[in-house]
Ligand code: NAD
Ligand code: MG
C-alpha cells in the first residue's frame, strides 16, 4: 500500500469496536477525501473487528491474543484483504507510532490504553485523546512526552473539548496569565442524580449503565453513575489546561447541552453547546483547526426550553470527593484511585459488590498510602499493579465477610 496523498490523513483507531471507536468511524466515513483508516484495534470482539476491516480495509488490525490474531488473519486473507493482523500491547504501540500514521484516536478504555498513548506521544503524533485514564495515571509524563516530541494532544472528552474551544490558545503556562478565573466542568449527574443513599445501595448494573443522555461503554457508564467520571475528568482538565484542582468547579447540568464553560476575570463566561453526540468533539479534534460536518443534528434551543444547574452532593457521590482529594494530593494518589476504581467497577458489573461499595473500596485502598516513582512509565505501572492487588485483596475480604453474614 502506498503512502496516502498529503491531504489525506492516516488514522489509527485504537478501540475501534467501542462506542467512541464507532462514532469515529462514522465521522471518517463522512469524509473519505480527508481521512483513511490505517489501523483498527479490538480486544476480544474479533467478529466485529472483522466486519470493520472488511468495510474500511485498514493496513493493520490489532487484537488482544495471538490465537485470535491468527484466526482473523486467515479470515481476512481469504476475503482478499492485505491487512496485517498483530496482537497484544506491542501491536497497539506499533500502530500508534507507525511512521505512516498522522493521527491516533486513543479510545481504549482504562489503564490498558496507557502504553499506546505514550507510544503515540513519543512518536510525535496528533493524539485524539478519549482514554482519560491515561492522563489521570500519568499526566506529568504524558504532557512532557507530548512537549518533548512535538506531539499534539486534542481532547475528545466532550467537556474538555468544550473547554479547549472556549480557552484562548496560549494557556500552556497556566490559566491566570490568560485571564481565566476558573473552569466550570459540567456533569449530567447520571441516572441516580436524585437517588437517596439507601436507593444507591440497591441499584443494578443495568440501571447504572442506562445513562439518561449519552450512550457509552459499560465502564464509563458506571463511572458516570457514581460521578467518578467527573472526578477523573477534573484530573484530566488539570493536566490538559495547566489548572490547579481548585480552579476547576463541577456543576451538574442535567440536560447535557452545555458541555463546559470558561469563566474569565472580566466576568465573561464562554460556553460550548451542542446536542449530546460524541461525533461533535470527534469531528472537531480530527479537523482542528478547521471545521468539518459531523452528522450531528443542529441544536434546537426552543425545543430545549430550559437548562438547570445544581451543585454536586459530595456525600452521596463520594467517588467525586475521592477524586478531588486525589487531585489535590497528586503523586501516586490518582493512579491508585484509577486502579481501584477499575477493579471496583468490574466487580460491580459482575454483581460481586454493591454500587455503594465502589467508593468504600477506593477509599480503603487510597488510605493504604501506596507510594512510588511517577517519573517513568515503569513506576506508574508498578503503582497501578500494587493498587490492583490491594483492591483484589479488599474484594476477597468483602466476600468472606458477606459469606459469614449470609
Ligand atoms: P467501550 O467499552 O465502548 O470500548 C472500549 C474499547 O477498548 C473496545 O474497542 C475494546 O475492544 C477496547 N479494549 C478494552 N479493553 C482492552 C484491552 N485490555 N486492550 C486493548 N483494547 C481494549 O468504551 P468507550 O465508551 O468507547 O470509551 C473509551 C474511552 O473513551 C474510555 O476511556 C472513556 O472514558 C472515554 N470516553 C468515552 C466517551 C463515550 O461517550 N463513550 C466519552 C468521553 C470519553
Ligand atoms: Mg466526558
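Since every read-out is calculated from the coordinates, none of them should be taken as a lab result. These numbers were taken from a predicted model, which means no experiment stands behind them. Reconstructed Cβ throughout: ideal geometry from the backbone, glycine too, with neighbour counts over all protein chains shown.
Some points to look at:
- Globularity index of region 95-236 is 1.17 (Cα radius of gyration / 2.2 N^0.38 Å, N = number of residues).
- 5 Å binning of all Cα-Cα separations within region 278-329, expressed as whole percents from 0 upward: 4, 14, 12, 9, 10, 15, 20, 12, 2
- Computed on the Cα trace of the chain, the radius of gyration divided by the Kirkwood hydrodynamic radius gives Rg/Rh = 0.96.
- Model label points for residue 33 and residue 293, set 7 angstrom from Cα along the Cα-to-Cβ axis, are 1.1 nm apart.
- In terms of Cα atoms, the Rg and Dmax of region 223-278 work out to 12.2, 35 Å.
- Extent along the principal axes, Cα only, for region 20-64: 30, 20, 14 Å, with the longest axis given first.
- Beta bridges per DSSP, both residues in region 181-263: antiparallel share near 40 percent.
- Taking 0.692 mPa s as the viscosity and 37 °C as the temperature, the Stokes-Einstein diffusion coefficient of region 309-406 based on its alpha-carbon Kirkwood radius rounds to 234 µm²/s.
- Distance between the 7 Å Cα→Cβ label points at residue 314 and residue 363: 1.3 nm.
- Alpha carbon convex hull of region 9-155, volume per residue in cubic angstrom: 91
- Normalising by residue count, region 155-213 has a Cα convex hull of 128 Å³ per residue.
- Shape summary of region 357-406, radius of gyration then Dmax from alpha carbon positions: 13.3, 46 Å.
- Once the Cα-Cα distance is subtracted from the 0.36 nm per residue extended length, the residue 389 to residue 197 segment shows a gain of 66.3 nm.
- Of 245, 334, 212, the one that fluctuates the most in a GNM where the chain has Cα springs shorter than 10 Å: 212
- On the principal axes of its alpha-carbon atoms, region 84-164 has extents of 38, 25, 20 Å, going from largest to smallest.
- For the chain, calculated [θ]222 nm from helices alone, where every DSSP H run of n ≥ 4 adds -39500 (n - 2.57): -14500 deg cm²/dmol
- Where Rh is the Kirkwood radius over Cα pairs, Rg/Rh for region 157-328: 0.96
- Prolate/oblate/rounded label for region 29-115 (Cα gyration tensor, a/c 1.5): oblate
- Ascending count of other beta-carbon atoms within 10 Å, so fewest first, for 83, 186, 401: 401, 83, 186
- Percent of beta bridges antiparallel (DSSP, region 9-155, rounded to nearest 5): 0
- Neighbour counts of C-beta atoms inside 10 Å place 227, 105, 216, 307 in the sequence 307, 216, 227, 105, starting with the fewest.
- Percent antiparallel among DSSP beta bridges (both partners in the chain, rounded to 5): 25
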